[in-house]
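As C-alpha cells, the structure follows; a few thoughts come after it.
The values are calculated or read from the model by the stated rules, or taken from the named source; none is laboratory data. In this text, all values refer to a predicted model and were calculated from it rather than measured experimentally. Here Cβ is always computed from backbone atoms with ideal geometry, including for glycine, and neighbour counts include all displayed protein chains. Keep in mind that these areas ignore ligands, DNA and RNA; they rest on the heavy atoms of the full protein, side chains included. Shrake-Rupley method; radii C 1.70, N 1.55, O 1.52, S 1.80 Å.
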Amino acid sequence: MSLDTPQIFKIPDSSERELQDLFLEKGWGDGLPMVAPTRDRVEEMLSASKDLDPDEVIASLPPRDGIATRRIIAVNAVMAGCKPEHFPVLVSAIRALSAPEINLRGVNATTHCVAPLLIVHGKAARDGDYNSGLGAFGPGNLANATTGRAVRLILHHVAGATPGTGDASTQGSPAKYSYCVAENLDSSPWGGYARSVGINDESAVTIHCGEAPHNVHDMESSEPSAILDKVASTMTSWGQNNAPISQGEYFIALCPEHASTCSSHGWSRSDIASYLFNKATVNVGEARKAFELRAWAPWQHALEDTDTISMTEKPENIKIFVTGGAGKHSCIIPSWGMTKSVTVPILP
Amino acid sequence: MVITTESFRKLTEQVAASLGHADLRILSVGHPLGGTSEEIVRQWADDAVEETINLLTGERI
C-alpha cells in the first residue's frame, strides 16, 4: 500500500501557466488544465463530510495500491473542478471501485479500452444537479463532467493508472476522461435501478466497468420487441469482450421514450433482460471459429456448433436503467468482461 | 519469477512493486504473443531458456 505524504508547493500567483506547468512537470492530471488544490479549497471540499475523519482510509486502489483517504479524494475533487455537494458521490464511487468484484487491478491494467462508468441514482443526483435529461452522457453539465473527471484523476494519481505504466490500454478511450451519468428517475417506469438490485437508500451510485456507449437508434417502432431487436443487434458484435467472456454484463441505458414503449406494453426490467438474453445470440460454431480462448460457463462449452449462444451467460447480467431526454436514442455499454458492477449507498 | 512480453515490461515492474516485490525476477519475451506463429513463439521460448535458468538460479541483481 502506498500512502502519499502531503506536500505543499508554493506557486507565484502571477501566472496560471506556471501552475499548469507544475502539474505537467509532476505528471499530474489528464492533460486538461486543473484547479489548484489550495488548503482552503480542500478544506471546503472536506466540509461536505462534516465531522468525519479526513484521513480515514476509504480505499486502496490497484495497481499501485495507493491509499485514498477523504483528504486525498478531496484534493483530486478540487483539481477536477467539483463542488462540495458532489463530494459524497465521489467518495462513494471510490468505495464502490475498491469492491473486489470490480477487479480494479485488471480494469486499470488491461489493454482493453475499459473505463468505469459512474451512474448516480436518487436524491443525490437531484441535489447535486447531475444531468439525467438531454445530453446526459455529456457534455455541458458541471456535476457529471467534474465528478467523472475526479474519478479518473484518482485512478491516475492514486491507483497509478497512468498510460504506459499502470494503464496498458492499446488505444485508450474518450470515456477515460470523464464517464458519469445520472439515472432519470422521473422517467423510469420501473422505479430506480438501485432499488432493483436491493439498495433501498434514497441515494446510491453504481460503477460498471465497460466501453464507451454504443448507440441504438429506433425512431419508428411502437412495439417493445422491434426496439429491443435493435438493442440486441447492437449487443451482438464480435469485437466486444462479452463475446468470448460469458460472465460479462451489459448496461442498457434506455431513453425515456423507448422505456415508455416497453412499459406501456407491460414489460418489466426482467422481461426486457430475458428478451435480450434470447435475442442477443450468436452461432456457437462461429464463436468457436472467432475465439480460440473462450471464458465461457461450463455448460456453454457443451453446446453443439449448430446451437446458438447468448452474448452473456444469464439474463441477470443484462442491467436496465433509464437516462436521457426527448428523442429515440438509447445505448448499450458492453463490459470489459472480468468484472461485475457494484451499487452502493451514498455515504459521506 | 514472472514472464512478460517486452511491451509490458514497465507495467509488470509497476505491478510487482505495488505488490511489494520490486526485486521480482522478470523475463521479457517477444511481443505480441497473440497472432504470432507458433514457430516464432517456440523460437522465442528457446531463446529464453538460458536467461530463465539464470533468473531462477542466479543472484538477484
With segment A:15-129 as the region, which strands (runs of 3 or more DSSP E) entirely inside it contain at least 1 residues that are surrounded by fewer than 21 Cβ atoms within 10 Å (Cβ to Cβ)?
A:57-61, A:66-69
Conditions: (1) among the hydrophobic types (A, V, I, L, M, F, W, C); (2) within 22 Å of the chain's Cα centre (by Cα); (3) under 22 Å from A:HIS121 (Cβ atoms). A:CYS262 meets all but one. Number of the miss?
(2)
Filter segment A:137-151 for residues that are buried (at least 22 other Cβ atoms within 10 Å of the Cβ) and touching a Ser or Thr at 6+ places or on another chain (Cβ under 7 Å); which is nearest to A:ALA93 (Cα to Cα)?
A:GLY148
Conditions (1) in a helix (DSSP H, G or I); (2) open to solvent by less than 60 Å² (accessible area, probe 1.4 Å); number of the one not met by A:LEU303:
(1)
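So which residues in segment A:192-221 are acidic (Asp, Glu) and modelled with pLDDT of 95 or more, if there are any at all?
A:ASP201, A:GLU202, A:GLU211, A:ASP218
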Where the second residue is assigned to a loop (DSSP other than H, G, I, E, B) and open to solvent by 60 Å² or more (accessible area, probe 1.4 Å) and the first is closer than 19 Å to A:LEU153 by Cα and within 14 Å of another protein chain (Cβ to nearest Cβ) and lies in segment A:46-65, which pairs have Cβ atoms under 8 Å and are six or more apart or on separate chains?
A:SER60/A:MET1; A:ASP65/A:MET1; A:ASP65/B:LEU19
Note on B:GLU13: of the conditions (1) more than 11 Å from the chain's Cα centre (by Cα); (2) at the interface with chain A (Cβ under 9 Å from one of its Cβ atoms); (3) of a type in the set (Asp, Glu), unmet is (1)
Test: residue in segment B:32-45 that is within 14 Å of chain A (Cβ to nearest Cβ), open to solvent by 50 Å² or more (accessible area, probe 1.4 Å) and on the phi > 0 side of the Ramachandran plot
yes
Whichever residue in segment A:255-285 is among the β-branched types (Val, Ile, Thr) and in contact with a strand residue (DSSP E or B) (Cβ under 7 Å, 6 or more places away or on another chain) and, among such residues, is nearest to A:THR323 (Cα to Cα)
A:ILE272
So which residues in segment A:156-174 are within 11 Å of chain B (Cβ to nearest Cβ), open to solvent by 20 Å² or more (accessible area, probe 1.4 Å) and within 26 Å of A:LEU142 (Cα to Cα), if there are any at all?
A:THR162, A:PRO163
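Just name the residue that is modelled with the lowest pLDDT out of those in segment B:16-27 that are within 11 Å of chain A (Cβ to nearest Cβ) and surrounded by fewer than 16 Cβ atoms within 10 Å (Cβ to Cβ).
B:LEU19
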Does A:ARG269 qualify as being among the basic types (Lys, Arg) and open to solvent by 50 Å² or more (accessible area, probe 1.4 Å)?
no
One residue from A:TYR177, A:TYR193, A:TYR275 being closer than 22 Å to A:ASN131 by Cα and surrounded by 18 or more Cβ atoms within 10 Å (Cβ to Cβ)
A:TYR193
